[in-house]
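Asker: One structure coming up, written as structure tokens, with questions to follow.
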Amino acid sequence: MKLFSKLSGGKRAEGLNPDALRRATAIERRADKRTPAEAGDQADRLHELAVLSLFLHSAGTLEEMLSLFLERAPRVTGAVVSYPLLLDKRREVLTATHLATIDEPGLEQASIAAQENLVDMEYPLPMRSWLRDVMESGEVTVTDDLREVLGEALSKEACDRIKQALELSRVAVVPLVMEGESFGVCVFMFSGRAPDVEVLELAAGHCTLALKALMFGEETTRFGGIDPVTWTHSRGFFLETLEGEVVRSRRFGRALSLVFFDLDDFGDFNSNYGHTMGDKVLRSVGMTLAGSIALPEMVARYGGDEFAVLLPESNRASAVELTSAIVHKLEELNVFETGANEMKGVSSSVAIVSYPEDGGTREELLASAEIMLNESKEERRLMRMPKRQLTPVQELRMNGRRHTA
């Protein structure tokens, strides 16, 4: 079954056909010219491919989908490293930065060998680059030269160290192209195993199909003013609404307050429990905040682990009262299964600003909030630091300062 094709009369790849991809995944391959062991191995990999497909198409975010792909792709392809590089069309580069929050042993081992963090790498696409040719051909390319694949960003020495440390024998590059649209490439590295081109096409094809669906969904929700991870309002929608509320407060002399929450140690949580659990925490926090307010008040995801609550017609005293109730709810929040012996509760740094005391414009209010939030984070950091034992002389000095103050 032909999964990849080219546009008639042109050089650009049309890429995978979604219907052909689904049919190919569903059918059993014939074991012609295969030993019973080889046929059994392929049957196992086809089963894993079906499982991989279900996982990828059930993912709610790009990060979750890629994390699942990196986790399960080795069982399907037999590759020791799977390295998806997504196309940044505006800058004409292939980038791996979307993998920054995902822990994958093969990529980590390759990064250590290269003495470069592979998830930070970007690969330029000049007109005559090897990667561009592969991506535009729409066909799987297999080589034994890693420098040929990654040489646009990695030195010869780095490529040689990766090849030696992982004992690489072959490298396969699969274009992530579907219905004429390019999304990037996926690099599969093999050690002592011959790549199965058809299996690679199917695995990368399901990744591309899920990638396209997620990108379309994120584009739709972004323009709809909704953050796709937390289901709260987006930053852009929040800023637009805040501008209107400031104008209204100025015109009618009404109160207006903002509350910002920055989750404590969220990066550590992501590292320890994974990106999927991190997204679950963000959603739970967003829903907790949304459940604590009523229209016309609103909640938005302001940044990575930062939320903003807009409180029209609320003075500082009302904002403080509401914030105290929210902080208490967050401390009781538990994203783990009931009875699980894991951490419970979410803590955060908080900043409350009000119009007109802390600013007369949207920009002034946001600047005040940023200053207060940074001060709050520093105070909480100092509180969590182990207390240092003071010498008698230092105690006297501290007591003296307290007395004179």
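The values are calculated or read from the model by the stated rules, or taken from the named source; none is laboratory data. Note that this is a predicted model, so its numbers are computed, not measured. Please note: Cβ atoms are built from the backbone with ideal geometry, for glycine as well, and neighbour counts cover all protein chains shown. Just the protein is used for accessible areas: all its heavy atoms, side chains included, with ligands, DNA and RNA removed. Shrake-Rupley method; radii C 1.70, N 1.55, O 1.52, S 1.80 Å.
Asker: Name every residue in segment 140-150 that is assigned to a helix (DSSP H, G or I) and either without any contact (Cβ under 8 Å) to a residue 40 or more places away in the chain or not aliphatic (A, V, I, L, M) (or both), in order of residue number.
Answerer: 147, 148, 149, 150
Residue by residue, here is whether (1) surrounded by 15 or more Cβ atoms within 10 Å (Cβ to Cβ); (2) closer than 19 Å to residue 88 by Cα holds:
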residue	(1), (2)
153	yes, yes
157	no, no
162	yes, no
170	yes, no
174	yes, yes
177	yes, yes
180	no, yes
184	yes, yes
189	yes, no
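Asker: Output the number of residues of segment 314-326 satisfying the condition of being out of contact with any strand residue (DSSP E or B) (no Cβ under 6 Å at 6 or more places or on another chain) and either at pLDDT below 90 or small (Gly, Ala, Ser) (or both).
Answerer: Looking only at that region, the number is 4.
Asker: Please count how many residues of segment 351-368 are among the hydroxyl-bearing types (Ser, Thr, Tyr), open to solvent by 20 Å² or more (accessible area, probe 1.4 Å) and either closer than 25 Å to residue 263 by Cα or in contact with a Gly (Cβ under 6 Å, 6 or more places away or on another chain) (or both).
Answerer: Selection size over segment 351-368: 2.
Asker: Within segment 371-405, can you find the residues that are closer than 21 Å to residue 239 by Cβ, at pLDDT below 90 and either open to solvent by 70 Å² or more (accessible area, probe 1.4 Å) or among the aromatic types (Phe, Trp, Tyr) (or both)?
Answerer: 374
Asker: Is it true that some residue in segment 71-83 is of a type outside the set (Ser, Thr, Tyr), more than 23 Å from residue 190 (Cβ to Cβ) and within 21 Å of the chain's Cα centre (by Cα)?
Answerer: No, segment 71-83 contains no residue that is of a type outside the set (Ser, Thr, Tyr), more than 23 Å from residue 190 (Cβ to Cβ) and within 21 Å of the chain's Cα centre (by Cα).
Asker: How do the strands (runs of 3 or more DSSP E) wholly within segment 43-139 filter down when requiring 2 or more residues that are open to solvent by less than 10 Å² (accessible area, probe 1.4 Å) and closer than 21 Å to residue 192 by Cα: which remain?
Answerer: Because the criterion is at least 2 residues that are open to solvent by less than 10 Å² (accessible area, probe 1.4 Å) and closer than 21 Å to residue 192 by Cα, the strands (runs of 3 or more DSSP E) in segment 43-139 that meet it are 81-88.
Asker: I've got another one for you. If a residue has to be of a type in the set (S, T, N, Q) and open to solvent by less than 40 Å² (accessible area, probe 1.4 Å) to count, how many in segment 286-333 make the cut?
Answerer: Here the count works out to 4.
Asker: Let me ask something else. Can you pull out every residue in segment 158-187 that is closer than 11 Å to residue 113 by Cβ and of a type in the set (A, V, I, L, M, F, W, C)?
Answerer: Passing the criteria: 158, 159, 162, 165, 166, 168.
Asker: If residue 252 passes every condition in (1) at pLDDT 90 or above; (2) surrounded by fewer than 14 Cβ atoms within 10 Å (Cβ to Cβ) but one, which one does it miss?
Answerer: (1)
Asker: Pick out the one residue from 204, 153 that is closer than 19 Å to residue 46 by Cβ, outside any strand (DSSP E or B) and either modelled with pLDDT under 95 or hydroxyl-bearing (Ser, Thr, Tyr) (or both).
Answerer: Result of the check over 204, 153: 204.
Asker: May I ask you to say which residue of 185, 173 is under 30 Å from residue 151 (Cα atoms) and under 20 Å from the mean Cα position of the chain (by Cα)?
Answerer: The conditions single out 185.
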